[in-house]
Amino acid sequence: MLRKLVTATVAAGLLALGNNASAEIVVGGKGFTEQLLLASMTAQYLDAQGYDVDKRDGMGSTVLRKAQTNGQVDLYWEYTGTSLITYNKVEEDLGPEETYERVKELDAEKGLVWLAPSDANNTYALAMREDDAEKRGIETLSDLADAVNGGDEITIAVNAEFYARPDGFKPMMRAYGFRVPRGDIKRMNSGLTYSALKEGEVDVALVFATDGRIPAFNFRVLNDDRNYFPSYALTPVVRKDTLEANPKLREQMNALSALLDDDTMAALNARVDVDKESIERVAEDFLNKHDLM
């Protein structure tokens with residue numbers, strides 16, 4: 001796993017140093033909770049560093065990516081797997097570090113710089129209710145395969161896209177050597193997979209690894225022990241010309257990235273999606289907790 005050497009102590013030191021510049025930084029973001037949180041967090045953080053910040057969030061992935069390559073957005077948080085598969089059309093099976101290095105290289109040709117990746121990996125995952133997983137002794141996807149192959153009747157909820165993707169559910173079953181009968185696979189909208197699992201309507205559900213409902217609903221994410229799912233490491237990406245004009249920005253954003261991991265993002269997302277707190281308040285609280293405001 002890619003680890004960061006920058007710590008929260010360093011982050012606090014950077015805040016104390018300040019930026020001494022009032023350069024305008026356009027911070028972008030996509031249109032779902034995690035991205036809205038990160039855009040708000042980054043905008044508030046850089047504002048405290050002395051930048052003139054213009055936040056533009058709520059965009060679709062391809063629109064936001066195009067805005068950055070066109071120079072309309074300076075900085076936003078992207079997922080390594082999204083750049084690899086969606087933007088750069090790479091079909092190889094790559095590990096987390098290989099994925100990061102490949103997108104870093106490919107996007108450099110487009111004038112984009114990938115900074116230090118966080119430990120938050122918002123990839124596809126399968127989850128179970130914690131008590132049920134404990135009762136069945138299932139911790140990994142290999143354990144799930146063994147249970148199915150051993151005759152356990154297990155129903156699984158997935159969304160339609162993942163069911164049909166060439167790198168989705170069916171290839172995953174082949175990779176792990178098991179097959180769930182078609183009648184035990186329930187296809188539904190992504191948001192409904194969580195409630196179906198919570199209410200006991202299914203035994204396993206497709207989730208996204210940093211979704212706040214995972215800890216809120218006491219789900220156990222099954223370990224992808226054969227590394228089937230691509231890495232979607234959450235990473236700040238900045239335009240090269242913006243970085244050259246604001247050299248402190250690299251260290252400042254790396255400091256923020258160092259504070260994020262799966263559990264942290266899931267807890268922050270849960271405060272918004274489950275507890276119904278405002279995006280701005282949750283982002284501000286996080287920055288204050290780490291002395292970045």
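The sole residue among 203, 184 that is over 20 Å from the mean Cα position of the chain (by Cα), surrounded by fewer than 17 Cβ atoms within 10 Å (Cβ to Cβ) and closer than 11 Å to residue 156 by Cβ is 184. Scanning the stretch 91-140 for residues that are closer than 22 Å to residue 211 by Cα, small (Gly, Ala, Ser) and not in a loop (DSSP other than H, G, I, E, B) yields 125, 127, 133.
When residue 133 is tested against (1) crowded, with 17+ Cβ neighbours inside 10 Å; (2) in contact with a Ser or Thr (Cβ under 9 Å, 6 or more places away or on another chain); (3) not hydroxyl-bearing (Ser, Thr, Tyr), only condition (2) is not met.
Within the stretch 67-88, restricting attention to residues that are in a strand (DSSP E or B) and among the hydroxyl-bearing types (Ser, Thr, Tyr), which residue is nearest to the chain's Cα centre (by Cα)? The qualifying residue nearest to the chain's Cα centre (by Cα) is 79. Annotation: of all residues in the stretch 230-248 being in a helix (DSSP H, G or I) and hydrophobic (A, V, I, L, M, F, W, C), the one that is surrounded by the most Cβ atoms within 10 Å (Cβ to Cβ) is 243.
This table checks each residue for (1) hydrophobic (A, V, I, L, M, F, W, C); (2) touching a residue at least 24 places away in the same chain (Cβ under 8 Å); (3) on the phi > 0 side of the Ramachandran plot.
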residue	(1), (2), (3)
78	no, yes, no
91	no, no, no
96	no, yes, no
102	no, no, no
105	no, no, no
108	yes, yes, no
115	yes, yes, no
118	no, yes, no
148	yes, yes, no
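Here the condition is being in contact with a strand residue (DSSP E or B) (Cβ under 6 Å, 6 or more places away or on another chain) and of a type in the set (Lys, Arg); of 104, 135, 89, 110, it holds for 104 alone.
Among the residues making up the stretch 4-60, those that are modelled with pLDDT under 90, part of a helix (DSSP H, G or I) and over 24 Å from residue 240 (Cβ atoms) are 8, 9, 12, 13, 15, 16.
Cβ separations smaller than 7 Å between residues 6+ apart or across chains give the following pairs from the stretch 153-169 residues that are modelled with pLDDT of 90 or more to residues that are among the polar types (S, T, N, Q) and surrounded by fewer than 20 Cβ atoms within 10 Å (Cβ to Cβ): 159/189; 159/190.
Filtered by the rule that a residue be surrounded by fewer than 22 Cβ atoms within 10 Å (Cβ to Cβ) and either more than 20 Å from the chain's Cα centre (by Cα) or part of a loop (DSSP other than H, G, I, E, B) (or both), the stretch 251-265 gives 251, 258, 259.
Taking residue 167, is it closer than 21 Å to residue 229 by Cα, assigned by TED's automatic domain parsing to the domain that holds residue 35 and out of contact with any helix residue (DSSP H, G or I) (no Cβ under 6 Å at 6 or more places or on another chain)? No; evaluated as a whole, the condition is false for this residue.
Would you mention how many residues in the stretch 214-229 are assigned to a strand (DSSP E or B) and within 15 Å of residue 265 (Cα to Cα)?
Adding up the residues that qualify gives 1.
Residues considered: 210, 193, 140, 235. Of these, the only one that is within 30 Å of residue 83 (Cβ to Cβ), assigned by TED's automatic domain parsing to the domain that holds residue 272 and β-branched (Val, Ile, Thr) is 235. If I filter the stretch 39-76 down to residues being without any contact (Cβ under 8 Å) to a residue 24 or more places away in the chain and either of a type outside the set (Lys, Arg) or crowded, with 18+ Cβ neighbours inside 10 Å (or both), which single residue comes out as farthest from residue 24 (Cα to Cα)? It comes out as 63.
The values are calculated or read from the model by the stated rules, or taken from the named source; none is laboratory data. These numbers were taken from a predicted model, which means no experiment stands behind them. Positions of Cβ are generated from backbone atoms using ideal geometry, with glycine treated the same way; all protein chains shown enter the neighbour counts.
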